[in-house]
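I have placed the structure first, in the form of structure tokens, so that the comments after it can refer back to it.
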Amino acid sequence: MKETTVEQLAAFVDGFVEGDGNVLISGIANIEDAQTGDVTFAENSKLLDNAARSGASAVIAPQTASQLDISVQKPLIRVKNPRFAFAQVLRIFAPEPKIFKGIHPSAVIGSDAILGENVSIHANAVVGDNVSIGANSVIYPFTYIGDNVVLGNNCVIYPNVVLHDNTAIGNSVVIHSGSVLGTDGFGYMFIDDRHYKIPQIGRVIVEDDVEIGANVTIDKARTGSTTIGRGTKIDNLVHIGHNCTVGENCVIVAQVGVSGSVNIGRGVILAGQVGIKDHVTIGDGVIVGAKSGVIGDLPSGVFVSGRYARPHQGEMRKIVEVERLPEQRRRIKALEKRLAQIEKSLGELE
Amino acid sequence: MKETTVEQLAAFVDGFVEGDGNVLISGIANIEDAQTGDVTFAENSKLLDNAARSGASAVIAPQTASQLDISVQKPLIRVKNPRFAFAQVLRIFAPEPKIFKGIHPSAVIGSDAILGENVSIHANAVVGDNVSIGANSVIYPFTYIGDNVVLGNNCVIYPNVVLHDNTAIGNSVVIHSGSVLGTDGFGYMFIDDRHYKIPQIGRVIVEDDVEIGANVTIDKARTGSTTIGRGTKIDNLVHIGHNCTVGENCVIVAQVGVSGSVNIGRGVILAGQVGIKDHVTIGDGVIVGAKSGVIGDLPSGVFVSGRYARPHQGEMRKIVEVERLPEQRRRIKALEKRLAQIEKSLGELE
Amino acid sequence: MKETTVEQLAAFVDGFVEGDGNVLISGIANIEDAQTGDVTFAENSKLLDNAARSGASAVIAPQTASQLDISVQKPLIRVKNPRFAFAQVLRIFAPEPKIFKGIHPSAVIGSDAILGENVSIHANAVVGDNVSIGANSVIYPFTYIGDNVVLGNNCVIYPNVVLHDNTAIGNSVVIHSGSVLGTDGFGYMFIDDRHYKIPQIGRVIVEDDVEIGANVTIDKARTGSTTIGRGTKIDNLVHIGHNCTVGENCVIVAQVGVSGSVNIGRGVILAGQVGIKDHVTIGDGVIVGAKSGVIGDLPSGVFVSGRYARPHQGEMRKIVEVERLPEQRRRIKALEKRLAQIEKSLGELE
């Protein structure tokens, strides 16, 4: 167990201590879980007192925070961005995972492999022919790496991952357990009462710094490549269809489904369970709300939501409108009644 | 093949025989599939005659059932709860799966493992260091168990399951093939044009009697734990985000997605393809209808549905309201016409 | 690298060459990716000029196409169905995947296996007892085949697939990585404050020419079988519940969820992320739009969509109606104002 002081932590995160800088810190936890010896964080001033009343021994807080504002006195580490500082401190306390070094004797490795320095290939992994694996990359058990796969430096490929033939992975890519890259795209032609398979002869390219969650599926292209751009982060159980291009620094949340030949720009956020129709183009910086369906192109910068994704604000208004329908019905009924009354009166007048 | 009599079955399920108790039963099937020698069941009186007209040789029936009500004579076994009795009888006819006993020579087991009596570790399984596996538990092939994992007694871990470091599993837990417990939570901070990963140093805790379907993903907590409560049942392809707490005896149907830091009470039912927003709290006994999206806290006992989950009855009314919109439009048009007519008459009157 | 001429390709796809039939072709690509030496295709006359302006050296085109209509001259191969011809040509250029032949020494094979001619069982695969695998079938690494599984001829089972005990697979079936067939159905009975598991003793049957994507889950039946009909194609991350029957030649797109005991006819198309309620019957040729929920039976031939799947055209109208709600509200308000005015006038008149 590492142990440090509040003062040392503050120096590490470029923060300012208010209170006792000698307090010992041996762990890190969120507000709910914090115990003596932990540091926690208050993302904003609203959460400050909650953090102070937690079991933690110190609090990472916004620059505007003050011990005057808290009901339980604790040392504060004031920083520009408490969440980021917390993430930095997490790295200090993160247990270094004990990683098997070298090539386990039970691993099966094909011909002509090029392995960088310090590569780890765990028990029972299977690596095909003509595979290149960069320095410091780690291949966990039961991972299948097909022929002609290229893997960069500093990658972590967790257990049960499948990288089909010809997949190309950049540097510092993390792929979590059970994900499959390079499956055949879902393409058939229905002729003479049966579905003919369209051969899929392309591949998957994953650029640097991408992280892919567990049990994700990314199909290879029919021809050419399905590409995941640099720095993009993909959550669990996501499906990316064949011939898609995902730009840099996108965030694709769990259970999103992207059909074939979709073109996604840079910095796009697809919230959970979103579905994208095939051949759609999505501009840079687009945000698609959870569970939405995108059935047409979206220009850069829009925030859309709903089953047939439209501008989010309008969608919210529509929901309110639908809520008001019973009231509208009553108003129409009242109008009909009053009008009939008038028509009756007028008839009598004539 | 086991063979028994209607009389013996009735004794086993605490039922009462009407008809020939000596009929031989050698199998069990639902109404559609039943053949001679099978017992089937009628859950209620409506299904009774269907069951009687099936190929089965006997019918498990409600206590109110009578041979007078059926068009094809078969022995009836009358019980309090036919579905439960059927489940009990299924156990009789369930083929005992032949399970490999002992540690297969191809399994790779780390240091300091503590293995209970009668543990089975199948071919090619990989078990890390400091792992404890309780008595009678079965680990199928290609399962990866990380360091410091604790597994209780009588567990069944099917092939290709991944239990990442520090996962804690209770007694009598079943995890189906391809599921991944303890993946990193999906947490990043976007700073200076890139997504920084927030280290995830917590773990997953699964309590006793939980069953987890195939290809499920459960992320470990950032700090602390993601917890699945005792007796909860999770279907295939479900995603549970980091730092979630799922209460006891919940039922989470296939393809549900639960975002991070969600707090789910006891006895909650989430129907298929439901999505839950992060940091939401769901009270005890809540039912969420299929495909619904939950974006805010829900008090105990409510039944909600819809894209922005609201009380189910209101949602159903809204659907009817939307169906009536064309009619409403016609009524408004008629009102406008009549009003114009009156305005015209009044103009002439003046 | 194979090399052929435009003339030879035309003969192969039963097409007619307009332009230079001696041009050499060494690859194939879609319009966006095509380079010198590639053949591409224009599915219809609208795409013809795009194809002509691509980097390709020749274009597969509809029979009505003419070099007179294109702005960049390229040889055309005119065919009845350009997409089908393209698929045929893809087969020519598809690299023959190098497949390990024979039984790898690290594979673990149970007793009484019946292996057809030319079967391949890759490294680290595990095959149970009494398994039969037909001629030319290929079992990739980390695939687990349970006891009593029957697999036909010419099947390809990719890595990490799990076929639980008693599963029956026909001929020419392809199952992609990480899919699980024969998991227990999700069936419990809640009695005395806990969920009792209903034993699931049936199996999964997959007929000839079926293709199943990656990380799919298909549950075995409680009794009897869950059946996938001949020629049906299933995309990635699909869930099929226990006791379902899927007819022939269906297309089930990614992330669809089918609950238990659903009966699906022939030639049904379920678009992405559709959900089907349990015990529903879907007629032949039904099309269900993406993200729809099916909660009741559907007759043959209908095209439905929406959360509570209704005829698609009506659903589209409803969307328009909801869009018009603000306008309707304004019209009602105007009516109320005009009516109040009239009522006032009439009051004065009286």
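The values are calculated or read from the model by the stated rules, or taken from the named source; none is laboratory data. Model, not experiment: these values are computed from the prediction. Don't worry about glycine lacking a Cβ; one is built from the backbone with ideal geometry, like all the others, and counts go over all protein chains shown. Areas reflect the complete protein model, heavy atoms only, side chains present, ligands, DNA and RNA absent. Shrake-Rupley method; radii C 1.70, N 1.55, O 1.52, S 1.80 Å.
With respect to being under 24 Å from B:K318 (Cβ atoms) and touching a His at 6+ places or on another chain (Cβ under 6 Å), C:S305 fits the description. Sub-8 Å Cβ pairs linking a first residue in the stretch A:169-186 that is touching a residue at least 60 places away in the same chain (Cβ under 8 Å) and more than 11 Å from chain B (Cβ to nearest Cβ) to a second residue that is basic (K, R) and outside any strand (DSSP E or B), at least 6 apart or interchain, are A:G170/A:R230; A:G185/A:K220; A:G185/A:R222, ordered by first then second residue. Kindly establish whether A:R266 is away from chain C (no Cβ under 12 Å) and either in contact with a Cys (Cβ under 8 Å, 6 or more places away or on another chain) or part of a strand (DSSP E or B) (or both). So A:R266 fits the description; yes.
Every residue, every condition in (1) out of contact with any Gly (no Cβ under 8 Å at 6 or more places or on another chain); (2) of a type outside the set (V, I, T); (3) more than 18 Å from C:G213 (Cβ to Cβ); (4) open to solvent by 10 Å² or more (accessible area, probe 1.4 Å), yes or no:
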| site | (1), (2), (3), (4) |
| --- | --- |
| A:I234 | no, no, no, no |
| A:V253 | no, no, yes, yes |
| A:I269 | yes, no, yes, yes |
| A:V280 | no, no, yes, no |
| A:V286 | no, no, yes, no |
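The one condition from (1) away from chain B (no Cβ under 14 Å); (2) at positive phi; (3) within 18 Å of the chain's Cα centre (by Cα) that A:N166 does not meet is (3).
Output the residues belonging to the stretch A:313-328 that are open to solvent by less than 50 Å² (accessible area, probe 1.4 Å) and either among the polar types (S, T, N, Q) or out of contact with any helix residue (DSSP H, G or I) (no Cβ under 7 Å at 6 or more places or on another chain) (or both). Result: A:G314, A:E315, A:I319, A:Q328. Go through the stretch B:217-247 and report how many residues are more than 10 Å from B:S261 (Cα to Cα), more than 8 Å from every other protein chain (Cβ to nearest Cβ) and assigned to a loop (DSSP other than H, G, I, E, B). Residues flagged as more than 10 Å from B:S261 (Cα to Cα), more than 8 Å from every other protein chain (Cβ to nearest Cβ) and assigned to a loop (DSSP other than H, G, I, E, B) within the stretch B:217-247 amount to 6. Taken as a whole, the condition of being farther than 28 Å from A:V216 by Cα and either more than 8 Å from chain B (Cβ to nearest Cβ) or part of a loop (DSSP other than H, G, I, E, B) (or both) applies to C:I201.
Scanning the stretch B:146-193 for residues that are in contact with a Pro (Cβ under 8 Å, 6 or more places away or on another chain) and over 27 Å from A:D209 (Cα atoms) yields B:P159, B:S177.
If I ask for residues that are within 14 Å of chain A (Cβ to nearest Cβ) and either modelled with pLDDT under 95 or in a loop (DSSP other than H, G, I, E, B) (or both), which ones from the stretch C:109-140 would you list? Of everything in the stretch C:109-140, those that are within 14 Å of chain A (Cβ to nearest Cβ) and either modelled with pLDDT under 95 or in a loop (DSSP other than H, G, I, E, B) (or both) turn out to be C:H122, C:A123, C:N124, C:A125, C:Y140.
On the stretch given as the stretch A:273-326, residues that are under 20 Å from B:G275 (Cα atoms) and among the polar types (S, T, N, Q) total 3. Scanning the stretch B:141-155 for residues that are out of contact with any Phe, Trp or Tyr (no Cβ under 8 Å at 6 or more places or on another chain), within 14 Å of another protein chain (Cβ to nearest Cβ) and not in a loop (DSSP other than H, G, I, E, B) gives a single hit, B:I145. Checking each residue in the stretch A:68-118 for being in contact with a helix residue (DSSP H, G or I) (Cβ under 8 Å, 6 or more places away or on another chain) and more than 25 Å from B:H164 (Cα to Cα) picks out A:D69, A:I70, A:S71, A:V72, A:Q73, A:K74, A:P75, A:L76, A:I77, A:V79.
Restricting attention to the stretch C:330-348, the residues that are at the interface with another protein chain (Cβ under 7 Å from one of its Cβ atoms) and open to solvent by less than 50 Å² (accessible area, probe 1.4 Å) total 7.
Looking across the stretch B:289-308, the residues that are at pLDDT 95 or above, closer than 19 Å to C:R307 by Cβ and part of a loop (DSSP other than H, G, I, E, B) come down to B:G289, B:A290, B:K291, B:S292, B:I295.
Just one of the listed residues (A:F41, A:F12, A:F16) is on the phi < 0 side of the Ramachandran plot and buried (at least 16 other Cβ atoms within 10 Å of the Cβ), namely A:F41.
Let's see how each residue does on (1) of a type in the set (D, E, K, R); (2) in a loop (DSSP other than H, G, I, E, B):
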position	(1), (2)
A:L9	no, no
A:N22	no, yes
A:E32	yes, yes
A:V39	no, no
A:A51	no, no
A:A56	no, yes
A:V72	no, yes
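Assess whether B:G260 counts as being touching a residue at least 60 places away in the same chain (Cβ under 8 Å), at the interface with another protein chain (Cβ under 10 Å from one of its Cβ atoms) and closer than 25 Å to A:R83 by Cβ. When the stated conditions are applied, B:G260 passes them.
Taking residues in the stretch B:321-332 that are not in a helix (DSSP H, G or I), and partners anywhere that are not hydrophobic (A, V, I, L, M, F, W, C), the pairs with Cβ atoms closer than 8 Å and at least 6 places apart or on different chains are B:R324/A:R329.
Take the conditions (1) within 14 Å of another protein chain (Cβ to nearest Cβ); (2) open to solvent by 50 Å² or more (accessible area, probe 1.4 Å); A:F86 misses just one of them, which is (2).
When the stretch A:89-128 is limited to residues that are closer than 30 Å to A:D38 by Cα and open to solvent by less than 40 Å² (accessible area, probe 1.4 Å), the one that is farthest from the chain's Cα centre (by Cα) turns out to be A:F93. Within the stretch A:160-196, the set of residues being over 24 Å from C:I99 (Cβ atoms), modelled with pLDDT of 95 or more and part of a loop (DSSP other than H, G, I, E, B) comprises A:G170, A:N171, A:S172, A:V173, A:H176, A:S177. Contact map, the stretch B:11-39: first residue in contact (Cβ under 8 Å) with a residue 40 or more places away in the chain and over 11 Å from B:V59 (Cα atoms), second residue in a strand (DSSP E or B) and open to solvent by 40 Å² or more (accessible area, probe 1.4 Å), Cβ cut-off under 8 Å, separation 6 or more or different chains; pairs are B:G15/B:R78; B:F16/B:R78. Going by the conditions given, is C:G213 touching a residue at least 12 places away in the same chain (Cβ under 8 Å) and either basic (K, R) or closer than 14 Å to C:S261 by Cα (or both)? The answer is no for C:G213. Residues of the stretch C:68-83 that are under 18 Å from C:V23 (Cα atoms) and in contact with an Asp or Glu (Cβ under 6 Å, 6 or more places away or on another chain): C:I70, C:P75, C:L76.
Select from the stretch B:284-321 the residues that are facing chain A (nearest Cβ under 9 Å) and on the phi > 0 side of the Ramachandran plot and list them in ascending order. Matches in the stretch B:284-321: B:K291 only.
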